[in-house]
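This report refers to the structure that appears directly beneath it.
The values are calculated or read from the model by the stated rules, or taken from the named source; none is laboratory data. Keep in mind it's a predicted model, so treat the numbers as computed, not measured. Cβ: placed from backbone, ideal geometry, glycine included. Neighbour counts: every protein chain shown. With ligands, DNA and RNA removed, areas are computed over all heavy atoms of the protein, side chains included. Shrake-Rupley method; radii C 1.70, N 1.55, O 1.52, S 1.80 Å.
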Amino acid sequence: MPTPHRDFENLRVFGHPLIQLKLTRARDRHTPHLEFRRLLNEIAGLMTYEVSRGFPTRDVDVETPLERTTGTVLAKPVTLVPILRAGIGMTEGILNVMSEARVGHIGIYRDEQSLQPVAYYAKFPPDIADGPVLLIDPMLATGGSAIHAAGELKRRGCRDIRLICLVCAPEGVRALADAHPDLPIFTAALDRQLNEKGYILPGLGDAGDRIFGTQ
Ligand code: PRP
Ligand code: URA
């Protein structure tokens, strides 16, 4: 069970040893990108168990080989929205445990000088607002990208938006909570701070580059 952070009401941090072991391997600069990608997906899958808590369900009839009984299905469509590129690195891990979900995409990169988000792509299911949305991005640094993405989703009517990430900086958590106080943030770690280039310390470097081997 992730614990609410004492300084940030919206932040839930997964201290579970299985997640922390994998995060440590992911932080290691010597971990090759193939393993890095696998670790991110595995962590995302483990986190999904708690992130999806409270998703609306309804009863259905199901026929076992022996008799009829009552089972459960999702009552509302669930949509995953990875922020391109790096969010892609956690999406498969979530789909592995929640194959019912659809996948929308939002493309945003940070301008290297200003650190402001630059949006370049968006494609969502037309009925995305009808159910919960998991916004996916391993890194919450200044918060600019997540704030922009959550704004886009709200403009399309989404109300139940949950951010799933790997490593956060306090600066980003604060900024996101100010802009979208209703949005819960699930993370494996709250790190110390940003450096002068907007990278998280200690962090794990550039997540997109490490996932796709482009560094
Ligand atoms: C990274 C990361 C986040 C963003 C976080 O993406 O995946 O989307 O930076 O920074 P912020 O909180 O300050 O906005 P990046 O801009 O490197 O793009 P990429 O995933 O395409 O490499
Ligand atoms: N984006 C990353 O990929 N890493 C950081 O540390 C900050 C933003």
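Observations on the structure shown:
- Residues that are open to solvent by less than 70 Å² (accessible area, probe 1.4 Å) and more than 17 Å from the chain's Cα centre (by Cα), drawn from the stretch 194-209: L194, N195, G198, L201, G205, D209
- The conditions of being within 13 Å of ligand 2 (Cβ to nearest atom), farther than 22 Å from I43 by Cα and surrounded by fewer than 16 Cβ atoms within 10 Å (Cβ to Cβ) are not met by D127.
- Residue in the stretch 165-181 that is touching a Cys at 6+ places or on another chain (Cβ under 6 Å), within 14 Å of ligand 2 (Cβ to nearest atom) and farther than 15 Å from A86 by Cβ present: no
- Summed over the stretch 23-33, residues that are touching a residue at least 24 places away in the same chain (Cβ under 8 Å) and open to solvent by 50 Å² or more (accessible area, probe 1.4 Å) total 3.
- Residue within the stretch 36-50 that is open to solvent by less than 40 Å² (accessible area, probe 1.4 Å) and part of a loop (DSSP other than H, G, I, E, B) present: no
- Evaluation of E9 against (1) in a strand (DSSP E or B); (2) within 25 Å of A149 (Cα to Cα); (3) not polar (S, T, N, Q) (one fails), failing number: (1)
- The residues of the stretch 195-215 that are among the aliphatic types (A, V, I, L, M) and over 15 Å from T31 (Cα atoms), listed by number, are I200, L201.
- Of all the listed residues (L163, L183), the sole one being out of contact with any Pro (no Cβ under 9 Å at 6 or more places or on another chain) and either of a type in the set (D, E, K, R) or not in a helix (DSSP H, G or I) (or both) is L183.
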